[in-house]
Amino acid sequence: MTYDTLILGAGAAGMMCAAHCGGRVLVIDHAKAAGEKIRISGGGRCNFTNMYAEPANFLSQNPHFCKSALARYTQWDFVSLVDSYRIKWHEKTLGQLFCDNSAKDIIAMLRDLMDKAGAELWLETAVESVCQADGLLHARLVRGGKPLTVSARRVVLATGGKSIPKMGATGIAYQIAESFGLQVTETRPALVPLTFSAQPFAPISGTAIPGRVRAGSGSFDEAVLFTHRGLSGPAILQASSYWTEGDSVHLNLCPENDWMAILRQARSDTPRRQIGTALAEHLPKKLAQHLDEAWGLQDQLANTTDKRLAEVAELLADWELTPTGSEGYRTAEVTLGGIDTDELSSKTMEAKDVPGLYAIGECVDVTGWLGGYNFQWAWSSAMACARAIAASD
Ligand code: FDA
């Protein structure tokens with residue numbers, strides 16, 4: 001069985017590539033259905049791209065690598081495709097574009113494009129390894145419990161990362177890449193809730209607040225959610241991509257507030273109140289109570305010096321917390337790191353030293369922010385690969 005192109009993985013990147021690369025194409029996936037992550041994404045409405053996507057929204061050891069693919073297939077190119085299928089969409093917030101109806105509309109669109117391109121799809125087919133011989137690439141597959149080998153002129157690695165093993169993530173792309181001698185950068189869960197072994201926020205679990213979260217070189221203004229196990233919410237998920245174990249995160253509660261001015265005003269308006277009680281006017285009650293106990297805010301405002309007020313204001317604007325871990329791949333939206341971009345052409349996604357082997361989507365060391373950026377990388381990298389394949393035939 002020989003194909004022009006064998007695409008491993010029928011996720012966002014694999015389907016997009018199959019729809020556009022031309023020639024005799026086979027796509028395989030061990031799941032029962034194609035595009036399972038698309039189906040569950042964005043709460044079932046798929047945040048399929050972001051209006052403001054640009055290279056600065058992506059993490060990689062080489063931040064320049066993603067530029068070419070993103071520039072040659074932009075968010076507006078994908079929006080035009082979605083529009084051509086009359087899929088209705090809306091901006092939710094911060095440029096995040098979601099389907100009005102269902103994520104299944106995006107899957108149906110990709111399946112239709114694949115059908116029109118004549119691409120074959122084998123589901124419930126797992127890949128175990130790939131090797132190269134006699135000018136072809138040969139993939140060892142398991143289908144219906146039986147091993148078989150499929151050969152192709154080109155193989156595209158599109159099996160994603162390690163996030164959410166329950167949904168079929170295996171990390172096999174890394175193993176295949178390494179078997180060809182390609183470097184894989186360190187991988188870790190990203191866009192993931194952070195945890196604390198002592199569970200300090202269990203009593204205020206469910207409390208949400210606008211915040212600015214800083215970790216490493218990342219800083220994000222969005223909601224923060226206190227959970228039973230630790231911290232979540234968009235600002236924390238974003239910051240998690242910049243956080244490494246042992247580091248602290250810095251939390252600014254309600255960054256719009258001038259806490260020193262607020263506390264001074266409270267001291268002049270309600271001098272008999274305790275500091276903690278005054279804070280409860282400006283923070284969710286449970287959180288104010290938690291801070292009152294954690295930071296000892298029982299002093300009466302009238303007896304509080306400017307120095308002490310400044311200390312409290314500083315704590316509110318720069319609360320340093322050291323998570324003990326993250327929820328890991330079990331809930332991480334993406335995998336940070338992956339196939340080293342030094343090994344790939346940024347124009348074609350082909351391995352520089354293994355002609356015919358390509359890698360696209362999440363398995364590559366390019367990771368987007370929360371908000372539609374990861375799908376945009378899947379679409380853009382898939383199109384770079386597909387166009388290169390189409391042009392080479
Ligand atoms: P993807 O994971 O989509 O596809 C890989 C495919 O390979 C899967 O179908 C898998 O079954 C298959 N596979 C794996 N191992 C295999 C093997 N050994 N043999 C055969 N097949 C194998 N991003 C975004 O931009 N907007 C959003 O709204 C969301 N929402 C979201 C929600 C949740 C819960 C998660 C977990 C993730 C998101 N994401 C997201 C991230 C986004 O889903 C992700 O970045 C893309 O799906 C990556 O596309 P890929 O095609 O690279 O991998």
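Are there helices (runs of 4 or more DSSP H) fully within region 193-288 with at least 2 residues that are charged (D, E, K, R)? List them.
Values: elements: 234-240, 259-269, 275-279.
Correct list: 259-269.
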Take the conditions surrounded by fewer than 20 Cβ atoms within 10 Å (Cβ to Cβ) and modelled with pLDDT of 95 or more and apply them to residue 61. Does it pass?
yes
Kindly establish whether residue 117 is more than 17 Å from residue 382 (Cα to Cα), surrounded by 15 or more Cβ atoms within 10 Å (Cβ to Cβ), small (Gly, Ala, Ser) and touching a residue at least 24 places away in the same chain (Cβ under 8 Å).
no
So residue 189, is it in a strand (DSSP E or B) and out of contact with any strand residue (DSSP E or B) (no Cβ under 6 Å at 6 or more places or on another chain)
no
Among all residue pairs at least 6 apart or on different chains, which show Cβ distances below 6 Å where the first residue, located in region 51-77, is in contact (Cβ under 8 Å) with a residue 12 or more places away in the chain and the second is open to solvent by 50 Å² or more (accessible area, probe 1.4 Å) and in a loop (DSSP other than H, G, I, E, B)?
57/369; 68/347
Does any residue of region 150-160 turn out to be in a loop (DSSP other than H, G, I, E, B), open to solvent by 20 Å² or more (accessible area, probe 1.4 Å) and more than 9 Å from the ligand (Cβ to nearest atom)?
no
For region 4-40, the count of residues that are more than 13 Å from residue 379 (Cβ to Cβ), near the ligand (Cβ under 6 Å from one of its atoms) and either open to solvent by 10 Å² or more (accessible area, probe 1.4 Å) or at pLDDT below 95 (or both) equals 6
Subset of region 91-138 (residues that are touching a Ser or Thr at 6+ places or on another chain (Cβ under 6 Å) and more than 19 Å from residue 12 (Cβ to Cβ))
136, 138
Among the residues of region 232-257, the number that are within 20 Å of residue 93 (Cα to Cα) and more than 21 Å from the chain's Cα centre (by Cα) is 3
Can you tell me which residue within region 171-183, out of those that are open to solvent by 70 Å² or more (accessible area, probe 1.4 Å) and not acidic (Asp, Glu), is nearest to the ligand (Cβ to nearest atom)?
175
In region 361-370, the residues that are within 7 Å of the ligand (Cβ to nearest atom) and open to solvent by less than 10 Å² (accessible area, probe 1.4 Å)
361, 363, 368
Here is a list: 335, 348. Which entry is buried (at least 17 other Cβ atoms within 10 Å of the Cβ) and assigned to a strand (DSSP E or B)?
335
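The values are calculated or read from the model by the stated rules, or taken from the named source; none is laboratory data. Keep in mind the model is a prediction, meaning the values are calculated, not measured. Don't worry about glycine lacking a Cβ; one is built from the backbone with ideal geometry, like all the others, and counts go over all protein chains shown. Note: areas computed on protein heavy atoms with side chains; ligands, DNA, RNA excluded. Shrake-Rupley method; radii C 1.70, N 1.55, O 1.52, S 1.80 Å.
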